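Enquirer: My structure is below; once you've seen it, I'll send some questions.
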Amino acid sequence: MNITDYGFNYDLIQERSIPARIISVHKGRFGIVSEFGEGFAQLKGKEYYFSGEAFPTVGDFVLIDHKSDGDSRIIKTLERKTYFSRRDPDKSRGEQSIAANFDYVFIMQSLNHDFNVKRLERYLTAARQSKAEPVIVLTKADLTDDYLPYILETSRVAEGVRTCIVSSKTGYGMNELLPYLQKGKTLVFLGSSGVGKSSLVNALAGEKIMDVNGIREDDSKGRHTTTHRELIMLKNGTMIIDTPGMRELGMWDITEGLNDAFSDIEAFANRCRFRDCRHETEPGCAVRAAIESGELDEIRFDNYRKLRTEAKYSEDSGDYRRQKEQRFKAITIGERKKRKEVY
Ligand SMILES: Nc1nc2c(ncn2[C@@H]2O[C@H](COP(=O)(O)OP(=O)(O)OP(=O)(O)O)[C@@H](O)[C@H]2O)c(=O)[nH]1
Ligand SMILES: [Mg+2]
C-alpha cells in the first residue's frame with residue numbers, strides 16, 4: 001500500500017510519524033489507510049484537545065504514530081487543499097466538517113421531485129467556496145422522458161459548470177463521468193437523501209460497495225441509508241467520498257463563493273452610482289436597470305439577496321463562535337477533559 005496512491009503529496013514529514021488518510025469517521029475513532037494498510041486510529045489528546053489541531057474529517061491527510069497492536073494515534077492534521085463544511089443542524093455545535101482534499105464536488109439531484117434549482121444554487125455556492133471544481137450530476141435519468149427543462153433551469157444558475165445526466169439503473173450517461181475518474185483524484189458526492197449517491201458509487205465500482213435502500217423508491221423523506229461518510233477507492237485508483245444525504249445545507253462563511261456564483265450580479269453592482277447601493281430605489285442603480293432591460297433575471301437576483309442575508313447571518317455566528325473560543329481558552333483543564341469525553 002503506497003500512500004501516494006491516495007493522493008498524498010506533501011514534502012514535510014515529521015520524524016517517526018507515518019502519513020495516513022482518513023477514510024471514515026466514527027464516534028471517537030477514525031478509519032485510516034497508511035503504508036500498513038487499513039486500520040483504526042484515535043486522536044492524540046495533547047495535540048487535539050490542548051494544542052488546537054483541527055479535528056480530522058474524511059479525506060484528511062494526517063500523521064500517525066503507528067501501532068500494530070491496537071488503534072494508532074493521530075498526531076497532526078495536514079494542511080487541507082480543499083475543504084467543505086456546513087453549519088451543524090444543531091446550531092449550538094457550530095461547524096460540521098464534511099470532507100477534505102477532494103478534486104471534484106459532484107452536486108447531485110434526481111430528475112424527479114428532488115430537483116430544486118434554489119438548492120442547486122446553494123450547493124454550488126458552497127462547492128465553489130471549497131476551492132474544488134463543481135460538477136452537476138442529475139440522476140435517475142430513466143425516470144423522465146424530457147431532460148430539456150431541467151437542463152435549461154440548471155444552465156440558468158450554473159453557467160460554466162458541466163452538467164451530466166446519468167442513470168445508475170440503466171448505465172445511461174456514465175461515459176460523461178469518465179473525465180473525472182482518474183487515478184489519484186478524489187470526488188465528493190453531495191445531495192439530499194435518496195438522490196442515488198450510493199447507487200452511483202456502486203454503478204461506478206461495478207459492485208455493491210455501499211448499501212442502497214431498495215424499497216424506498218422516490219420517497220426522499222426521513223430515512224437515510226448512508227449514515228456516515230466514507231472514502232472508497234475504485235479499482236482504477238479514483239477515490240469517492242460518499243456522504244449521508246443532507247436535507248439542508250447550512251451556510252458557513254460563504255461570501256467568497258457567493259461572489260463567484262453570482263459574478264454577473266456583482267459585475268452590474270460595480271456599475272452602480274453609489275458604492276453602498278442596496279439596489280432598491282437608489283438613483284443610478286445598474287442592477288435595477290439590468291432587471292428592467294431583461295439582462296438580469298429578477299428571480300435570480302432575489303435568490304442572491306436571500307443567500308447574502310443568510311451568509312451575513314453565518315458570519316455573525318462566526319463572530320459569536322470566535323468569542324466563544326476565546327472564553328474556552330480561559331476555562332480549566334478539568335472542563336477541557338469534559339469536552340474530550342463529550343466528543
Ligand atoms: N429509477 C432509478 N432509481 C434509482 C437510481 N439510482 C438510485 N435509485 C434508487 O433511489 C433510491 C435511493 O438510492 P441511494 O443510492 O440509497 O440514495 P443516497 O443518495 O445514497 O441516499 P442516502 O444514503 O440516504 O443519502 C434507491 O431506491 C435506489 O434504488 C436510478 O438511476 N434510477
Ligand atoms: Mg447513500
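The values are calculated or read from the model by the stated rules, or taken from the named source; none is laboratory data. Remember, it's a predicted structure, so these values are computed and weren't measured experimentally. We place every Cβ from the backbone using ideal geometry, glycine too, and count neighbours over all the protein chains shown. The area values use the complete protein model at the heavy-atom level, side chains included, leaving out ligands, DNA and RNA. Shrake-Rupley method; radii C 1.70, N 1.55, O 1.52, S 1.80 Å.
Enquirer: Can you work out the FRET efficiency for the pair Leu148 and Glu266, with r the C-beta to C-beta distance and R0 = 30 Å, to the nearest 0.05? Intermediate results must be reported in sequence, preceding the final value.
Expert: On the way: r = 29 Å, r/R0 = 0.98.
So, using R0 = 30 Å, E works out to roughly 0.55.
Enquirer: What does the highest-first list of 171-179, 61-69 look like by mean Cβ count within 10 Å?
Expert: Details: 171-179: 13.6, 61-69: 16.6.
Most protected by this proxy first, the peptides run 61-69, 171-179.
Enquirer: Another question about this same structure. With all protein chains present, how much of the accessible area of region 83-242 (probe radius 1.4 Å) comes from carbon and sulfur, to the nearest whole percent? List each step's numbers first, then the result.
Expert: On the way: 3400 of 6980 Å².
Roughly 49 percent of what the probe reaches on region 83-242 is carbon or sulfur.
Enquirer: Also, quick follow-up: What FRET efficiency comes out for Lys235 versus Phe274 if R0 is 51 angstrom and r is the Cβ-Cβ distance? Round to the nearest 0.05.
Expert: On the way: r = 58 Å, r/R0 = 1.14.
Plugging the Cβ-Cβ distance into 1/(1 + (r/R0)^6) gives 0.30.
Enquirer: My understanding is that a pair violates if its Cα-Cα distance is over 26 Å; which of Lys118/Lys185; Lys27/Lys76; Lys131/Lys306; Lys44/Lys185; Lys118/Lys140 do that in this structure?
Expert: Details: Lys118/Lys185 29 Å; Lys27/Lys76 19 Å; Lys131/Lys306 23 Å; Lys44/Lys185 29 Å; Lys118/Lys140 19 Å.
Checking Cα-Cα distances, Lys118/Lys185; Lys44/Lys185 exceed 26 Å.
Enquirer: Next up: Could you give the accessible area per residue of region 35-180, probe 1.4 Å, as a whole number in Å²?
Expert: Result: 45 Å² per residue.
Enquirer: Under a Cβ-Cβ cut-off of 12 Å, what is the net charge of the residues other than Ser168 that fall near it, where Lys and Arg count +1 and Asp and Glu count -1? Show your work: numbers first, answer last.
Expert: Working: positive: Lys140, Lys169, Lys197, Lys208; negative: Asp142.
With Lys, Arg at +1 and Asp, Glu at -1, the neighbours total +3.
Enquirer: Run the quick spin-label model on Ser51 and His113: label points 7 Å from Cα toward the beta carbon, then report their separation in nm to one decimal.
Expert: 5.3 nm
Enquirer: At a Förster radius of 51 Å, what calculated FRET efficiency corresponds to the Cβ-Cβ distance of Ile299 and Asp69, to the nearest 0.05?
Expert: Numbers: r = 61 Å, r/R0 = 1.19.
Between Ile299 and Asp69 the formula returns 0.25.
Enquirer: Can you give the extra length, in nm with one decimal, that the chain gains between Glu159 and Phe40 once fully stretched, where that is 0.36 nm per residue apart less the Cα-Cα distance?
Expert: Working: separation 119, 0.36 × 119 = 42.84 nm, distance 4.21 nm.
Stretched out fully, the Glu159 to Phe40 stretch lengthens by 38.6 nm.
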